[in-house]
Each structure stands twice: as C-alpha cells, then as structure tokens.
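Working notes, beginning with the structure itself.
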C-alpha cells in the first residue's frame with residue numbers, strides 16, 4: 001500500500017469478505033476487481049498488475065541483479081492530491097541494483113543515456129517484511145551508490161517467463177503517489193505486438209483493445225500507430241486516440257502525452 005516517504009512498512013491486509021480487504025494500520029478498505037484496485041477512502045480505482053512469480057534477492061553484491069538488469073522504457077502516472085498526471089522516460093537497472101532514470105525536457109520518452117540532463121538516481125534493496133524492494137532516491141548529480149538516500153517508493157520485479165517486469169509504486173508523500181511500469185527499450189516492428197488486450201484505466205473501467213499492424217482500437221475508438229516513435233520501443237497513436245504506448249512480455253501501457261488535459265493511464269494484458 002502507499003505510505004508517506006520514509007514510513008516503515010509492515011501492514012498486512014485482512015480479508016473482510018469476498019475480494020474486499022481492510023488495512024489494520026489505517027482502517028482503509030481495498031476492493032479488488034478485474035485488473036483494478038479500489039482506492040482507500042474513495043470510489044476511484046487504480047489499474048493493478050499481479051505476477052505469479054517475482055524476482056527476490058537479499059544479496060548486496062555487485063552482481064545481485066544481473067539476471068534482471070536492463071534498459072527499459074517507463075510509463076507512469078503520478079497523483080498530486082487527487083489530480084493525476086502522466087509521464088514517460090527511460091531507466092536503467094544495473095547489476096548492483098542501482099537505477100538511473102532519464103526524461104526529455106517535457107517529461108517524455110528519451111533514449112537512455114548515462115549523461116542525460118534530466119535525470120534521477122537511486123537503488124533498491126529487498127525488504128523481507130513486505131516481500132518487495134525498497135527504492136531509495138539518491139543525489140542525481142552523484143554516482144551510482146547503494147547506501148544513503150531517501151526512501152521514496154517500492155518496487156516489485158515480476159517475472160514473465162524469465163523476463164523481468166519492474167513495477168514501481170510511488171509514495172513520495174501522503175498526497176504524492178502513483179505507479180510506473182518498465183518495459184524493454186527494444187525496437188518494435190509493425191505486427192510484433194498484434195493481438196487483443198484486456199485494459200483497465202484510472203477510472204477502473206475495463207475495456208478491450210486490439211492491435212493489428214498500424215491499426216489500433218481501444219474501447220471503440222480507433223487510431224493509427226507509428227512504431228519506434230518518438231524513440232525505440234515506444235509506439236505513438238494518432239487519430240481518435242492521441243497517446244504513447246509501450247509493449248513487452250505480453251503487457252502494454254498507454255499514457256496521454258505529458259502536460260495534456262485529462263490524464264489517461266491504462267494497463268493492458270495480452271489475451
């Protein structure tokens with residue numbers, strides 16, 4: 001669950017009935033639906049991913065994360081109070097568990113470069129208390145370190161087959177939170193991600209989306225897709241839908257362009 005920055009984890013959800021669970025630490029009630037999670041204290045929903053298998057390690061060696069290291073594109077939603085905004089970017093997870101994120105000047109997608117100007121840095125450590133990784137943010141002008149920093153979020157590294165899918169849960173404060181999905185920064189050709197997808201959005205609405213070459217439909221709206229645009233591994237939709245998409249390992253994420261009115265964030269799973 002989302003916590004204030006630096007807060008200690010340890011809360012365990014307890015079943016109330018059916019798919020409804022309560023938090024003994026906060027009194028919040030969570031309702032799990034198809035691909036969505038009910039937000040505590042309100043009627044809204046947040047897209048949800050669950051993994052059958054996840055990567056874990058308590059090692060702090062320089063090669064502890066070598067099996068899941070890589071360069072990813074990320075699609076994210078960030079809430080400030082009740083107002084969501086979206087952003088894209090790229091991120092590298094290194095063998096020692098350090099991370100570096102890059103964005104363009106508008107908060108959008110950019111090919112990963114260790115010398116990127118708009119950057120954020122940090123590292124992850126496994127927390128056995130909640131079965132996930134604590135994410136510490138460090139000085140963006142400093143080196144790749146695995147000590148110090150500020151606890152700002154959590155991460156689960158799902159495994160789809162042997163392929164890593166990092167999912168970051170952001171909780172900078174009680175009023176600043178969200179999530180980011182990382183999918184590989186690798187070239188995508190037309191036809192490589194064809195299929196039908198089950199999609200959930202910020203309103204908790206479930207819909208169907210289909211990809212067939214350059215043709216894309218989502219909840220009845222249609223768009224044309226441009227692959228590896230604006231960078232490799234990102235697909236740009238234009239038409240009745242104007243958005244950026246990332247694909248990989250049977251998953252998809254769609255975000256509205258950063259700064260656009262009425263932020264859109266969707267997660268999809270290939271059927």
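Values in this text are rule-based calculations from the coordinates and carry no lab data. This one's a predicted model, so the numbers in the text were calculated from it and none came from an experiment. No Cβ is skipped: glycine too gets one built from the backbone with ideal geometry, and neighbour counts run over all protein chains shown.
The table for this structure:
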quantity: Relative contact order of the range 195-270, defined on C-alpha pairs under 8 angstrom at six or more residues apart (%); calculated: 25 percent
quantity: Under 13 Å from the residue 57 label point (7 Å along Cα→beta-carbon), backbone N, the range 146-164; calculated: 157, 164
quantity: Mean projected area (nm²) of the alpha-carbon convex hull when the range 53-184 is viewed from all directions; calculated: 7.9 nm²
quantity: Percent RCO, i.e. relative contact order, over the range 101-144, from Cα pairs under 8 Å lying at least 6 residues apart; calculated: 31 percent
quantity: Per-pair calculated FRET efficiency, R0 = 45 Å: residue 80 and residue 162 via Cβ, rounded to 0.05; calculated: 0.75
quantity: In nm, spacing of pseudo-spin labels at residue 117 and residue 194 (7 Å Cα→C-beta vector); calculated: 4.1 nm
quantity: Cα→Cβ-extended label distance, 7 Å offset, between residue 226 and residue 174, nm; calculated: 4.5 nm
quantity: Mean separation of Cα contacts under 8 Å, 6 or more apart, over the residue count of the range 53-184: relative contact order %; calculated: 25 percent
quantity: Volume in Å³ per residue [convex hull over Cα atoms, computed for the range 195-270]; calculated: 83 Å³
quantity: Inter-label distance, nm, simple model (7 Å from Cα along the C-beta direction), residue 214/residue 240; calculated: 1.9 nm
